[in-house]
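First up is the structure itself, then whatever we jot down about it.
Nothing in this text is a laboratory measurement; each read-out follows from the coordinates by a stated rule. These figures come from a predicted structure and were not determined experimentally. For neighbour counting, all protein chains shown are included, and Cβ atoms are generated from backbone atoms with ideal geometry for every residue, glycine included.
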Amino acid sequence: MNNLVELENVSVSFVKKKGLFGKPDRVAALSEVNFRLAPSEVVALVGESGCGKTTLARVVTGLQKPTSGMVRYKGKDIWRLSKKEFLEYRRDVQLMMQDSYAALNPMRSVEQSLIPPLLRHNIAKNHRSAREKVVELLESVGLTPGEQFLGKYPHQLSGGQRQRVCLARAISIDPKVIVADEPVSAVDVSLRLSILNLMSRLNKERGIAFIYITHDLSTARYIANHGRMVVMYLGRVVQTGNVHDLLANPTHPYLRALLSAVPVPDPEISRKKRMVQLRSMDMPNPTNPPSGCSFHPRCPIAIDKCAQVVPELRVLNGSEVACHLAEEGTKWSLVDHYQQS
Ligand code: SF4
């Protein structure tokens, strides 16, 4: 299957100024990231805050030009597209932000926010048919009856309703990809599942591919049930593969640490569960990232080589993992090692 979106060795760094006279720092937000997304695929992108997830979302949606590397859409370098092709690409690849309140103009009603894109992209011929289309869209994202929501302003909607309006706006121009950056983190827990189910339905019914960005492994597993998971740490991909293979066989120590920290509702199981003991709880300073494997200052099984050589992604047990000890780890059971530590 041809990929819709491909990132090849993409790096992004930012310059951080230090006062008036200080020497500016360079922060590497992404380092040589390779990523692909097939049509109708769902990929969950997982990692802690500051690991580069949002930068990757901005790169994929064309809002951030990489410092080096290539971003392709349907096989073409997006930064060499003609103006017309770039506009088509921006229409096909939509970003859904975490903060639905910031994503919607507070001075505009739902109708005023949703009608202009339909007219601009010639999806509706006139204001009347655009209004009918908006009602249809609102109902397709579960805001029924749609007419009742047309005149509402963002502050008159709940967090879940605002995210649905954002989804309605994203799908209104018939996108091929939606990059959803932590779309349910600001939504009431009781409503999260309904938003995730809505996204799954849009994926199945309209064939929209999703990149679901989160720090929450449970929602990642839920949404990417038939898809892939990409785990990032400090700007690099550390493990990627089919979501079930990855969770059944988390060979990277960072993914194991994330999994061990997921709370279990059953107190009996929770008591028996052992946390992976990291050597440090602090994320390294991104302006001065560790040498070699950037996880080595925290990794409980790091060896000397880890501080010197950056591990490359390699295939192991069906997934790709960037760890010098991942292979050996599957033989002598990382779980035992962790349980002893
Ligand atoms: Fe740990 Fe070394 Fe693997 Fe990095 S390469 S995750 S430091 S064992």
Please figure out what share of the DSSP beta bridges in the chain is antiparallel and state it in percent, rounded to the nearest 5. 60
J(HN,Hα) series, region 183-190, from Karplus relation 6.51 cos²θ - 1.76 cosθ + 1.60, nearest Hz, glycine and proline x: x, 10, 5, 9, 9, 3, 3, 5
Beyond a 30 Å Cα-Cα separation, which of these cross-linked pairs lie in this structure: Lys23/Lys83; Lys83/Lys125; Lys17/Lys53? Lys23/Lys83
For every other residue with a beta carbon closer than 10 angstrom to the beta carbon of Met97, add +1 if it is Lys or Arg and -1 if Asp or Glu, then tell me the sum. -3
HN-Hα J in Hz across region 137-148 - Karplus 6.51, -1.76, 1.60, θ = phi - 60°, x for Gly and Pro: 5, 4, 5, 5, 9, x, 9, 10, x, x, 4, 5
Straight-line reach from Lys84: which aspartates and glutamates have Cα under 14 Å away, leaving out those fewer than 8 places along the same chain? Asp92
As a test of the formula, what do you get for the chain when each DSSP H run with n ≥ 4 contributes -39,500 (n - 2.57) and the sum is divided by the residue count, at 222 nm and rounded to the nearest 500 deg cm²/dmol? -10000 deg cm²/dmol
By average Cβ neighbour count within 10 Å, what is the ranking of 139-151, 231-243, 175-187 from highest down? 231-243, 175-187, 139-151
HN-Hα J couplings of region 200-205 from phi, Karplus 6.51/-1.76/1.60, θ = phi - 60°, integer Hz, Gly and Pro as x? 4, 5, 5, 5, 6, 6
What are the aspartates and glutamates whose alpha-carbon lies under 18 Å from the alpha-carbon of Lys305, with same-chain residues fewer than 8 places away excluded? Glu327, Glu328
Whole-Å distance linking the alpha carbon centroid of region 207-224 with that of region 89-147 is 23
As I understand it, the value is the acute angle between the Cα axis of helix 110-120 and the longest principal axis of the Cα atoms of the chain; what does it come to in degrees, rounded to 10? 90
